[in-house]
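Just below is one structure, and these are the notes that go with it.
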Amino acid sequence: MINKEMKYKAYQVHNFRTIPQLVALSEDEKVNIEVVGNVLPFKVNNYVIDELIDWSDYSNDPIFRLTFPQKEMLRDADFQTMKSALENNLEKDALKLVADSIRIKLNPHPAGQMELNVPEHNDEKLLGIQHKYRETLLFFPSSGQTCHSYCTFCFRWAQFVGMDGLKFAMRETELLIEYLEEHQEITDILFTGGDPMIMSFKVFKQYIEPFLDPANKTNIQTIRIGTKALGFWPYKFITDKDAQDFLDLFKRIVDSGINLSFMAHFNHINELKTAAVKEAIRLIRKTGAQIRTQSPLIRHINDDADMWARMWRKQVNLGMIPYYMFVERDTGSQHYFEVPLEKTWEIFQKAYQQVSGVCRTVRGPSMSCTPGKVQILGTKEICINGHTEKVFVLQMIQGRNPDWVNRPFFAKYDPNAMWMDDLKPAFGDQFFFEAELQEMKEASLEPESI
Ligand SMILES: *Cc1c(COP(=O)(O)O)cnc(C)c1O
């Protein structure tokens with residue numbers, strides 16, 4: 001049943017002990033949450049707590065693990081450092097210094113995002129924009145850089161914890177439109193964050209309306225909204241006071257001839273079980289918008305092929321389109337969440353084999369790394385000159401150079417490889433794209449020529 005009275009309420013590290021269901025936890029477990037929650041961002045809301053988590057078995061519950069910090073997310077030494085700092089009742093500023101000293105080691109901006117993807121316009125760096133793939137622009141609206149709840153595995157956590165210099169943000173939609181007008185090759189704009197669906201309607205429409213104004217001559221065919229709101233706050237589209245305004249605007253976008261596509265993050269099938277999420281999906285689809293789904297594969301949360309198969313089927317059943325399975329990338333707690341590449345591929349394959357063609361729109365497992373989105377096609381034994389070698393077969397789904405896309409290539413088999421950086425070319429001493437990628441990196445570091 002849909003709770004028509006549902007009002008958003010969030011808990012963070014300072015007040016999480018008031019969550020009624022936490023009576024199920026021991027004091028030690030609460031301290032663990034507190035210690036990790038003082039380093040990594042922690043926010044969970046009443047929908048997740050009341051409707052998604054099964055409190056009778058919380059420690060094995062995937063949504064509990066998705067939203068509540070786990071002790072093992074920090075290395076033991078770092079955990080002890082933070083624990084002592086809390087026991088010693090350090091002042092707020094001193095506590096933040098301790099937290100920052102741990103955070104800085106956790107490398108939250110991989111894949112050359114800071115150096116390589118930020119474009120310039122009239123000699124100014126456009127900090128809220130990443131233009132990595134020719135057709136698609138990522139846009140980080142400054143008011144969309146937080147979420148309804150935080151995922152424990154999230155790689156964008158630096159945006160939430162208030163460290164200067166790491167936050168992407170841009171207010172000027174004007175600059176964005178100018179950039180798009182100059183770049184007619186860009187057909188897709190992808191609003192991302194954080195979660196753009198955290199914005200109020202008043203703010204959100206400022207970003208969208210320029211695209212509906214015929215005076216602006218961009219070549220945008222598709223507006224995508226990357227969002228976790230369907231998983232974490234479906235009431236956004238049902239009972240929030242501006243829900244109907246959002247739905248009306250979605251319809252206006254579609255009616256203007258622009259494809260509107262929600263890139264919905266669902267990490268587990270349990271996020272699809274409530275009446276509220278089903279209603280939100282129905283209302284969004286009724287506007288003519290599409291919903292595509294994506295998630296990384298994460299240990300302790302969704303490393304289960306049968307669950308993925310059931311989840312894709314359920315998504316299609318609800319009218320959504322499975323889109324990506326990602327490899328968990330280098331985040332602060334990667335040691336806790338990562339699954340080896342071979343195992344990731346096995347889970348993907350085992351799930352993919354169980355579903356019909358309508359679910360096989362999903363692509364993966366894919367690593368978003370510096371050259372592009374690298375897909376693991378599988379492992380294979382190849383015999384050359386009487387010598388047998390086991391390899392990973394890979395290809396790019398997206399490339400920094402579009403010419404790199406859809407060309408199979410090979411890496412030496414390594415059962416422990418977790419990420420592209422761990423892979424070595426199987427034949428020759430470089431992957432086919434490496435020399436060109438090196439040139440791109442050097443060009444982006446060159447001092448400005450006059
Ligand atoms: C995945 C991604 C996109 C979108 O790529 P599609 O293949 O169009 O889904 C755009 N920019 C970046 C940086 C990405 O990682």
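Here are some notes:
- Strands (runs of 3 or more DSSP E) within the range 372-431 that include 3 or more residues exposed (fewer than 12 other Cβ atoms within 10 Å of the Cβ) and not assigned by TED's automatic domain parsing to the domain that holds W345: 372-384
- Top-ranked residue of the range 127-136 - restricted to ones that are buried (at least 21 other Cβ atoms within 10 Å of the Cβ) and either among the charged types (D, E, K, R) or not in a strand (DSSP E or B) (or both), ranked as modelled with the lowest pLDDT: G128
- The number of residues in the range 182-224 being of a type in the set (G, A, S), away from the ligand (no atom under 16 Å from the Cβ) and in contact (Cβ under 8 Å) with a residue 24 or more places away in the chain comes to 1.
- Test: T239 is within 16 Å of the ligand (Cβ to nearest atom), of a type in the set (S, T, Y) and on the phi < 0 side of the Ramachandran plot: no
- Candidates V44, V118, V39: the one that is within 16 Å of the ligand (Cβ to nearest atom), under 21 Å from the mean Cα position of the chain (by Cα) and not in a helix (DSSP H, G or I) is V118.
- Which numbered condition I49 fails, given (1) assigned to a helix (DSSP H, G or I); (2) closer than 25 Å to I238 by Cα; (3) open to solvent by 30 Å² or more (accessible area, probe 1.4 Å): (3)
- Hits in the range 137-168 - residues which are within 16 Å of the ligand (Cβ to nearest atom), at pLDDT below 75 and in contact with a Lys or Arg (Cβ under 8 Å, 6 or more places away or on another chain): F155, Q159
- Any hit, the range 204-220, residues being of a type in the set (S, T, N, Q) and within 25 Å of the chain's Cα centre (by Cα): yes
- A single member of K217, K236, K202, K241 is of a type in the set (D, E, K, R), in contact with a helix residue (DSSP H, G or I) (Cβ under 6 Å, 6 or more places away or on another chain) and either within 20 Å of C147 (Cα to Cα) or surrounded by 23 or more Cβ atoms within 10 Å (Cβ to Cβ) (or both), and it is K236.
- G364, sole failed condition from (1) in the same structural domain as K278 (by TED's automatic domain parsing); (2) touching a helix residue (DSSP H, G or I) at 6+ places or on another chain (Cβ under 9 Å); (3) under 30 Å from K278 (Cβ atoms): (1)
- Of the residues making up the range 363-407, just one is touching a residue at least 60 places away in the same chain (Cβ under 8 Å) and more than 12 Å from the ligand (Cβ to nearest atom), namely P365.
The values are calculated or read from the model by the stated rules, or taken from the named source; none is laboratory data. As the structure is a prediction and not an experimental result, all values here were calculated from the model. We place every Cβ from the backbone using ideal geometry, glycine too, and count neighbours over all the protein chains shown. Heads up: the accessible areas ignore ligands, DNA and RNA and are worked out on the full protein's heavy atoms, side chains in. Shrake-Rupley method; radii C 1.70, N 1.55, O 1.52, S 1.80 Å.
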